[in-house]
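Any read-out appearing in this document is the output of simple, stated calculations on the displayed coordinates, not a laboratory observation. The model shown is predicted, which means the values in this text are computed figures rather than measured ones. Glycine also receives a Cβ, built like all others from the backbone with ideal geometry; neighbour counts cover every protein chain displayed.
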Amino acid sequence: MEERPIIVKRVKKVSGGHHGGAWKVAFADFATAMMAFFLVLWLTTNASPEQKKAIEGYFKDPVGYMEAASKNPVDLGGSAAVVDSTTQDVADTQVRIEEQQVEQLADTLEKRQMQELFQNVKEQIEESETLQKFKDQLMIDVTDEGLRIQIVDRSKRPMFDSGSAKLKYYSQDILFELAKPLGAVDNKLSITGHTDSTPFSGRPGYTNWELSADRANTARRALVAGGVAGQQIGRVVGLSDSVLFNKDDPQAPVNRRISIIVLNKKTADDLQTRSGNGSKPLIDLTKPSEEQAEEQLNSGDWFQTPPEASEDEVNW
């Protein structure tokens, strides 16, 4: 008797609730279409009659419309028209930012140049046999105006003959040596003469003001003879005893000195402005006096407060 084969049926059970991911793609497309639809409704609702007419013309003849009309029938604030109207403002802002960055960079570079010049002058003093003898009479520092070198008198070792603007031979040598590093830069130089408080009585009408100015001018001639270019001199002044180095002892030899300042760009520009180059005159001689007087009274320009004076301009 033949044995019947045993047949086993395996039923594959499918868990309920899973129908694939195609519906997600379809729903995303539907949501995108609805968003675009509502966006079109919003645009048409906020559009003016002229803009609606432009949109209608675009859909009727897209090719002809693109050739003859604007590419932006509805301007929502981001079109080329708006961008063009603000381009100049953006450009001006960028230019101002770039100018500020350039000024900051130039200021940084100039400060670095002053520090390098400071080191060069110190090295010149250490290496020069002439300057080494008189290093106790040389004072160097960096101020708001630039690099300042002061040559002061010492007891029994003055720069000039007593009551005179004639340099001692060693003072001339000092200025010749200093002219080497000073002449190597393009900055303007300021030369100021100072005296102590002892009144000058050598000749009538000649005071410490004239003496300090003459000594500053003598120092200028020595620097130019030593190699400083004549056009590099920006200011030569005499301040008498108005700016004492030692205020506790007005007759101290240290008060008799020559101050040489390598001016930074800002100070040099201010010097040019205050000297009349670029400054606005209070009275315009090209206008009738009555007309300009009325303008000045109305504008308030008839009275101007002078700027604060620097140390080298006190009482000058």
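Computed values, structure above
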{"quantity": "Inter-probe distance in nm under a simple model that places probes 7 Å from Cα toward Cβ, at ASP107 and LEU43", "calculated": "5.0"}
{"quantity": "Sites ALA184 and LYS156 - FRET efficiency at Förster radius 41 Å, r taken between beta-carbons, to 0.05", "calculated": "0.80"}
{"quantity": "Length gained when the stretch VAL142-ASP269 is fully extended (0.36 nm per residue, less Cα-Cα span)", "calculated": "43.9 nm"}
{"quantity": "Protection proxy ranking of 122-133, 226-237 - average other beta-carbon atoms within 10 Å, highest first", "calculated": "226-237, 122-133"}
{"quantity": "Percentage relative contact order, segment 108-276, counting C-alpha pairs under 8 Å, at least six apart", "calculated": "29"}
{"quantity": "Charge sum, other residues only, whose C-beta stays under 15 Å from LYS122's C-beta, Lys/Arg counted +1 and Asp/Glu -1", "calculated": "-4"}
{"quantity": "Spin-label proximity, GLU56 to segment 25-45 - amide N less than 18 Å from point 7 Å beyond Cα toward beta carbon", "calculated": "41-45"}
{"quantity": "Net +/- balance of residues flanking PRO199 in space, Cβ distance below 14 Å, scoring K and R +1, D and E -1", "calculated": "-1"}
{"quantity": "Principal axis box of segment 108-276, alpha-carbon based, largest edge first, Å", "calculated": "48, 43, 32"}
{"quantity": "Difference of contour (0.36 nm per residue) and Cα-Cα distance, LYS135 to VAL224", "calculated": "29.9 nm"}
{"quantity": "Two-site label geometry, PHE30 and GLU116: point separation in nm, points 7 Å out along Cα→Cβ", "calculated": "7.4"}
{"quantity": "Local electrostatic count at ASP248 - Lys and Arg +1, Asp and Glu -1, tallied over other residues with Cβ under 14 Å", "calculated": "-2"}
